[in-house]
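Report on the structure given below.
The values are calculated or read from the model by the stated rules, or taken from the named source; none is laboratory data. These figures come from a predicted structure and were not determined experimentally. Positions of Cβ are generated from backbone atoms using ideal geometry, with glycine treated the same way; all protein chains shown enter the neighbour counts.
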Amino acid sequence: MQVLESMTRIGHERVVFHFDQATGLRAIIAVHSTTLGNALGGTRRWYYQNEDEAVFDVLRLSEGMTYKAAAAGLPLGGGKSVILLPKPGHQPTEAEGRAMGRFVNTLNGTYIAAEDVGVSPQFCDWMASQTPHIMGGETVSHGGDPSPWTALGCFNSMKACLKHAGMPIDFRSLTVGVQGVGATGYKLAKLLRAAGAAVLVTDVHVPTIKRAVEELGCVGLGNDRNLFTEKLDILAPCAMGGVLDARTIASLHCRIVCGTANNQLLNPTTDGPALKSRGILHSPDFIANAGGLIRLGGLYVGLSEQQVDAKVAEIEQTTLDVLRQSENFSSASEAAVAYAKACIDRSRSSNTCATGACG
């Protein structure tokens with residue numbers, strides 16, 4: 001992959017690579033935009049098959065964070081970081097966390113790290129021992145685990161999807177498939193079960209499925225059943241990205257797609273229109289899963305707990321606004337990007353006028 005060419009095409013400001021000799025840490029930080037403020041985004045620990053995969057992931061994730069913050073009305077930019085694990089399942093260490101914190105600190109606050117896949121509040125606190133530019137810890141930094149707010153925001157987005165589709169906002173008659181019942185997926189399944197929905201779950205980690213079945217009363221699907229071919233009212237992708245492509249979209253038997261995973265569409269320019277052409281309502285991921293960012297980003301910019309909760313509740317209305325506008329676009333994802341860019345333009349204009357430069 002030609003990194004600089006990709007940066008130019010997507011609009012990134014900075015991509016930084018780092019290797020720590022003492023720990024073997026290999027990591028990348030991508031800052032997509034600081035137009036609205038410092039770039040806040042999680043740190044993902046993941047095993048990538050090669051470096052190109054890692055670069056592709058961090059570029060797409062950081063771009064999504066720009067739009068996520070803008071659409072949520074936060075004065076923050078978009079960034080993301082990834083730690084390239086040497087092998088699948090490689091366990092985190094305090095030394096690794098501290099090394100990542102030192103790396104984050106080299107950007108002097110332009111990038112604020114937070115929690116993502118493979119990173120816990122404990123890991124955030126290890127990072128925070130080396131930099132003040134971190135959210136999501138519990139003792140050294142603050143904010144804690146943002147997944148309850150991510151799940152709640154997605155649940156609110158589902159309600160908007162039902163309303164837009166002309167369906168009752170009543171989950172008792174619905175069947176929802178949750179792909180991935182880890183941090184956010186489990187909490188989303190819990191909300192759905194509490195609301196009366198029947199919930200089918202899948203996960204690459206069998207004990208995680210077992211937990212959702214035993215504790216929540218979900219139905220766990222075995223290897224002989226594919227969630228993407230099940231008859232569902234709502235499909236909720238809550239694991240890794242790129243799960244919706246030409247093949248999986250063609251096999252879907254659901255009315256709505258709304259989940260917590262980032263970058264659900266493998267190829268947004270074709271996969272978004274494919275969903276729309278099949279009559280499947282799609283809540284764009286950076287709209288539906290913004291609750292976690294609202295939690296940590298809101299606390300970072302000084303919002304109260306009540307203001308954070310109010311913003312998470314607003315995800316329902318934002319989803320409705322985007323879905324209504326999507327009728328004039330090729331897909332809901334295209335409409336969501338346009339919505340976020342309009343928010344950025346309005347904020348930029350407002351800030352310019354505040355300085356007296358508007359005449």
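Of all residues in the stretch 286-306, those being touching a Pro at 6+ places or on another chain (Cβ under 8 Å) and either of a type in the set (D, E, K, R) or surrounded by fewer than 24 Cβ atoms within 10 Å (Cβ to Cβ) (or both) number 2. Contact map, the stretch 159-183: first residue more than 21 Å from Arg211 (Cβ to Cβ) and touching a residue at least 12 places away in the same chain (Cβ under 8 Å), second residue of a type in the set (S, T, N, Q) and outside any helix (DSSP H, G or I), Cβ cut-off under 6 Å, separation 6 or more or different chains; pairs are Cys161/Ser283. Kindly indicate which of Ser33, Ser62 is at pLDDT 95 or above, within 19 Å of the chain's Cα centre (by Cα), closer than 24 Å to Gly89 by Cα and not aliphatic (A, V, I, L, M). The conditions single out Ser62. If the condition is being assigned to a strand (DSSP E or B) and surrounded by 17 or more Cβ atoms within 10 Å (Cβ to Cβ), then the stretch 1-18 contributes Val15, His18.
Within the stretch 321-349, residues that are closer than 26 Å to Gly279 by Cβ reach partners that are among the β-branched types (Val, Ile, Thr) with beta carbons closer than 7 Å, at six or more positions or on different chains, in the pairs Val322/Ile287; Ala332/Val322; Ala335/Val322; Ala336/Ile287; Ala336/Val322; Tyr339/Val322. Pairing each residue of the stretch 1-14 that is assigned by TED's automatic domain parsing to the domain that holds Val58 and touching a residue at least 40 places away in the same chain (Cβ under 8 Å) with any residue that is crowded, with 16+ Cβ neighbours inside 10 Å and among the basic types (Lys, Arg), provided the two are 6+ apart or on different chains, yields C-beta distances under 9 Å for Met7/Arg14; Ile10/Arg60. Only one entry of Val55, Val82, Val104 meets the criterion of being part of a strand (DSSP E or B) and either among the β-branched types (Val, Ile, Thr) or assigned by TED's automatic domain parsing to the domain that holds Gly182 (or both), and that entry is Val82. Just one of the listed residues (Ala113, Ala128) is under 23 Å from the mean Cα position of the chain (by Cα), farther than 19 Å from Ser62 by Cα and buried (at least 20 other Cβ atoms within 10 Å of the Cβ), and it is Ala128. For the stretch 250-296, residues that are in contact (Cβ under 8 Å) with a residue 60 or more places away in the chain, assigned to a loop (DSSP other than H, G, I, E, B), within 13 Å of the chain's Cα centre (by Cα) and over 18 Å from Trp149 (Cβ atoms) total 1. Gly101 meets the stated requirement of being surrounded by 24 or more Cβ atoms within 10 Å (Cβ to Cβ), free of Cβ contacts under 8 Å to residues at least 40 places away in the same chain and over 14 Å from the mean Cα position of the chain (by Cα). Scoring Gly356 on the criteria (1) out of contact with any Asp or Glu (no Cβ under 9 Å at 6 or more places or on another chain); (2) assigned to a loop (DSSP other than H, G, I, E, B); (3) modelled with pLDDT of 95 or more; (4) small (Gly, Ala, Ser) leaves a single failure, condition (3).
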